[in-house]
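One structure is given below, encoded as structure tokens.
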2 protein chains.
Amino acid sequence: MQDWLNEKLQMLNVTEDMAKETEGFNRLSYTEEEWEAIDAFQSIAESLGMHVRMDEAGNRIARWTPEGAAGAAVAVGSHVDTVESGGGYDGVVGVLAGLGAVKILQDEKVQPSRPVEVICFASEESARFGVSTVGSKAMIGAEELLAQKDVKDKNGVSIEEAVEARGLSFAEILKAERSRDELHSFIELHIEQGMRIERAEAQIGVVTAIACPTRLKLTIQGEAGHTGTAPMAERKDALAAAAEVIQYVEAEGRRQSEKSHPPVVATASTIQALPNVMNVIPGTVELGVDIRSVDNDKKKEAAQHIFEFCQMLAHKRGITVEQSVLVDNPAVPLDDHVRNALQSSVEACGFKPYVMESGAGHDVMNMAKKVPSGLIFIPCKDGVSHHPAELASVKDIERGTRVLAGYLKNVQ
Amino acid sequence: MQDWLNEKLQMLNVTEDMAKETEGFNRLSYTEEEWEAIDAFQSIAESLGMHVRMDEAGNRIARWTPEGAAGAAVAVGSHVDTVESGGGYDGVVGVLAGLGAVKILQDEKVQPSRPVEVICFASEESARFGVSTVGSKAMIGAEELLAQKDVKDKNGVSIEEAVEARGLSFAEILKAERSRDELHSFIELHIEQGMRIERAEAQIGVVTAIACPTRLKLTIQGEAGHTGTAPMAERKDALAAAAEVIQYVEAEGRRQSEKSHPPVVATASTIQALPNVMNVIPGTVELGVDIRSVDNDKKKEAAQHIFEFCQMLAHKRGITVEQSVLVDNPAVPLDDHVRNALQSSVEACGFKPYVMESGAGHDVMNMAKKVPSGLIFIPCKDGVSHHPAELASVKDIERGTRVLAGYLKNVQ
């Protein structure tokens, strides 16, 4: 099985040797490079006798209808696009394991009771357009997608133009929507992008919920001045004020995480200071803060504490802080029955499951809004992702594949 | 006198109404706009019967040789170039007051014992090329200027090309050098760019020394990671580390200033975080720190403390901090005799002097390396400079002009 997985991993990455790809992969949304990888997915699926179709969003759907199988299909899927100089495992292992699970069942001559679909979603990463999970949003008919049609990549190409360059029509993209009746359940397998499974000495992460971000924009307005002539006691240095906010954000994440389970992560991830020249005290600083937790109340409380701290600071330093919420997505809970079935499959394979939440978003967070869904993680080396050094061992990929096969086999 | 000053202030600013110039002035180094203002300087000087010449760096030197005057000249000067959207007083009031002082002496039929020069230096501001005080550096024969010939403005024009577009030869620029024997002393009058004179209820600042910057570059290397998947306790967040450094820099400036006179000002003025995107923990942050004091030892100690703090922080957070000194210019002391003569002139005019150091650099800091030099400040509204709102009252300009006239009258 490992040979087959290694070979197909290379095919999906359109390479003859993973070890040689030290610069990483560049399969951005709706590019020719993404399409080549999706075509490779189709070839592999067809070699397994699956019927493959492309929907209006460019998702490729491979379907296997074993003899006697009936009813709504059980689906497995992920994506093959990458960030710039990304890795060859984020997304890819999900479609690979789905195909691999079909192969295991076919090799073992096991006939699942339902049709099986493996879905290769188009354009999960936000790297090109700042819009993520396009294919899975289209598949659940998320209307907000249409409003994004004019967002442009760094070369000025709009997402509408990019979609149409692939021979699709952006206006028709929501025709990819599936009805609730077509799918029994949806499972995604993904690399963990962290090290918790390994630290727990487990093999497979079984996810309870996905922590979606709340994002704040904080605009700190002090007073620019000459770095040589303004006495320390008379300054309104926006960057010195921002430094206090950055530290508070970090401390708040730690406090909320130590207080109780589940954890909260809070990060000041973007900063822009103006005028940002050596001899001028920064007059304005814009900070971006990303907060995540599967506990929406804890996330809300963290945001509230940060806002209150900023107001206290504004008063203390004689500055102003303008606060806004850019994004406030509640956590997406996953289906309990599906999770229990996945956990049983992990145990039946002889592996140790680690029950955890996901801090990152994946296609499954869209699918879960419509179909009972589950998510499992396999370990990745040093927790690294979105980087050429990203790596999941073939042993771990095989484990994940066997867990999926077990799930498909037992689904009623 | 105030009418004359107002009229010539407008001429030097190439405007018919200072109050209408709400967008500020754009007379960048070696541009046509700077040259128009320098030509206006020449016209005013010639209307006072002065002989005007341009040197090899584009400095315009106006000379008045009263009957019976002999020996080395006594010189007064500043500049008329501005930053982008700058004010109409920084630099301009210095050349205006020099010319006004000549006019006062002429009107009063006072013959100074030495020739008088008013110098309009070319290109004091670093806004266009990142190179400051070009004209005065050339006048003291500062050879480091030649090494700057290829530095470019934001449009890709080099300083050499800009100088040559003004009909000068960059290779000849140091021929502007004056010999020590030609000048008895040099005085600059400038706006304070602070509020200390006003707070001391004085009218004229008399400067003892100029605090030149020590500039540090700190490159903080942590570890990028996903804002959703990396637990708080396992992060190496370069921006959270930078926040501690920024706060330490501010605290160090305060401590050194409160400990003893003279003050130290320390500013983290520039910051760049990488990758600076919402869902990635910053892996690298580059900070620029500007430290100034007229006490070189205190400045050195502050830089040392900042370096030590960074090393402690690197150890504490498991990150690295690369430290380098970009600039380390010692303070420039001004001449005691000249300062005493200026202070006497302030008092003889019936004004209250405020003895202070300068936190900002000016053309005089070059001239002082060669010629006994002095610097006086006049107040400016709210301490604002390098901004369209920059303003010095005509009353304050007149006071400064009278102080210069008094100095020229009594010089032996």
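The values are calculated or read from the model by the stated rules, or taken from the named source; none is laboratory data. All values reported here derive from a predicted model rather than from experimental measurement. Here the Cβ is made from the backbone with ideal geometry for all residues, glycine too, and neighbour counts use every protein chain on show. These area figures cover heavy atoms from the full protein model, side chains too; ligands, DNA and RNA do not enter into them. Shrake-Rupley method; radii C 1.70, N 1.55, O 1.52, S 1.80 Å.
Dipole of the protein assembly as shown computed with +1 at Lys/Arg Cβ and -1 at Asp/Glu Cβ about the Cα centre; of A:219, A:366, B:147, farthest Cα towards the positive end is A:219.
Packing order of peptides B:242-249, B:308-315, highest average first: B:242-249, B:308-315 (average count of other Cβ atoms within 10 Å over each peptide's residues). The orientation-averaged projected area of the convex hull spanned by the Cα atoms of the stretch B:327-392 comes to 5.8 nm². The residue B:200 and residue B:67 beta-carbon pair, evaluated with R₀ = 25 Å, returns a calculated FRET efficiency of approximately 0.05.
Cα extents for the protein assembly as shown along the principal axes, largest to smallest and rounded to whole angstrom: 120, 51, 43.
Mean projection of the Cα convex hull over all viewing directions, computed for the stretch A:107-243: 16.6 nm².
For the rotational copy relationship between A and B, the axis lies nearest to a chain A beta carbon, identified with its distance in whole angstrom as A:243, 2.
Each copy carries a label point for residue A:261 at 7 Å from Cα along the beta-carbon vector; from one copy to the others these points are 6.4 nm apart, nearest first. In the stretch A:356-379, which residues become less accessible by 20 Å² or more once every protein chain is in place, relative to the chain on its own, using a 1.4 Å probe? For the stretch A:356-379, once contacts with the other chains are taken into account, A:359, A:360 lose 20 Å² or more. Assuming charge only on the beta carbon of Lys and Arg (+1) and of Asp and Glu (-1), the dipole of chain A about its Cα centre is about 1000 debye to the nearest 20.
The other copies place their residue B:200 label points at 6.8 nm from this one, listed shortest first, where each point is 7 Å from Cα along Cα→Cβ. Distance between the 7 Å Cα→Cβ label points at residue A:382 and residue B:180: 6.0 nm.
Comparing B:363, B:336, B:297 in a Gaussian network model of chain B (Cα springs below 10 Å), the most mobile by mean-square fluctuation is B:297. Positive contributions from Lys and Arg (+1) and negative ones from Asp and Glu (-1), summed over other residues with Cβ under 11 Å from the Cβ of residue A:298, come out at +1. One Cα centroid belongs to the stretch B:125-145, the other to the stretch B:13-37; the line between them spans 21 Å.
Think of it as helices only: each DSSP H run of n ≥ 4 in chain A is worth -39500 (n - 2.57), and spread over all residues that comes to -10500 deg cm²/dmol at 222 nm. Kirkwood analysis of the Cα pair distances in chain A returns a hydrodynamic radius of 22.7 Å. For GluC sites (Glu not before Pro), the sites in the stretch A:162-205 that DSSP calls loop and that have at most 11 other Cβ atoms within 10 Å are A:201. Each Lys and Arg adds +1 at its Cβ and each Asp and Glu adds -1 at its Cβ; summed about the Cα centre, the protein assembly as shown shows a dipole of about 1860 debye. Between residue B:307 and residue B:143, the C-beta separation translates, for a Förster distance of 30 Å, into a calculated FRET efficiency of about 0.50. Per residue of B:246-253, other chain Cβ atoms within 10 Å of the residue Cβ number 5 on average.
When chain B is treated as a Gaussian network with alpha carbon springs shorter than 10 Å, the biggest mean-square fluctuation among B:72, B:127, B:19 belongs to B:19. For the stretch B:255-302 and the stretch A:194-238, what is the separation of their C-alpha centers, rounded to whole Å? So the two Cα centres are separated by 20 Å. Report, in listed order, any pair from B:217/B:300; B:103/B:395; B:217/B:299; A:137/A:175; A:259/A:300; B:103/B:369 with a Cα-Cα distance greater than 21 Å. The answer is B:103/B:369.
In a reduced charge model with +1 at each Lys and Arg Cβ and -1 at each Asp and Glu Cβ, the stretch A:213-328 shows a dipole moment near 100 debye about its Cα centre. In the stretch A:286-307, the residues whose accessible area drops by at least 20 square angstrom when the other protein chains are added to the isolated chain are A:290, A:292; the probe is 1.4 Å and only protein heavy atoms count. Just the protein heavy atoms count here, and of the accessible area of chain A at 1.4 Å, carbon and sulfur take up 47 percent.
When B and A come together, around 4200 square angstrom of accessible surface is lost from both chains combined, probe 1.4 Å.
Springs between Cα atoms under 10 Å define the GNM used for chain A, and in it the highest mean-square fluctuation of A:197, A:61, A:104 occurs at A:104. For the listed peptides A:278-288, A:346-356, a ranking on the average number of other beta carbons within 10 Å per residue, highest first, reads A:278-288, A:346-356. Listed by chain and number, the aspartates and glutamates placed with their C-alpha closer than 17 angstrom to that of residue A:370 are A:117, A:143, A:144, A:177, A:181, A:182, A:188, A:335, A:336; residues fewer than eight positions away on the same chain are left out.
Residue by residue along B:276-285, Cβ atoms of other protein chains within 10 Å of the local Cβ number 6 on average. A label point on residue A:155, set 7 Å along the Cα-to-Cβ line, lies at 3.0 nm from each of its counterparts in the other copies, closest listed first. Rolling a 1.4 angstrom probe over the protein heavy atoms with all chains in place gives the protein assembly as shown an accessible area of 38 Å² per residue.
For the stretch B:277-302, the residues whose backbone nitrogen is under 12 Å from a point 7 Å from the Cα of residue B:326, taken along Cα to Cβ, are B:286-291. Inter-chain neighbour count for B:235-241: the average number of beta-carbon atoms from partner chains within 10 Å of each residue's beta-carbon is 5. Note on the stretch A:79-180: the C-alpha convex hull projects to 7.9 nm² when averaged across all orientations. Here's the picture: charge each Lys and Arg Cβ at +1 and each Asp and Glu Cβ at -1 in the stretch A:1-90, and of A:6, A:49, A:68 the one pushed furthest to the positive end of that dipole is A:68.
Distance distribution note for the stretch A:213-328: the fraction of Cα pairs above 19 angstrom is 45%.
Considering Cα pairs under 8 angstrom that are at least six residues apart, work out the relative contact order of chain A and quote it in whole percent. About 22 percent, as a whole number.
Of the residues in the stretch A:199-227, those shielded by at least 40 Å² of accessible area once partner protein chains are present, compared with the chain alone at a 1.4 Å probe, are A:199, A:215, A:226, A:227.
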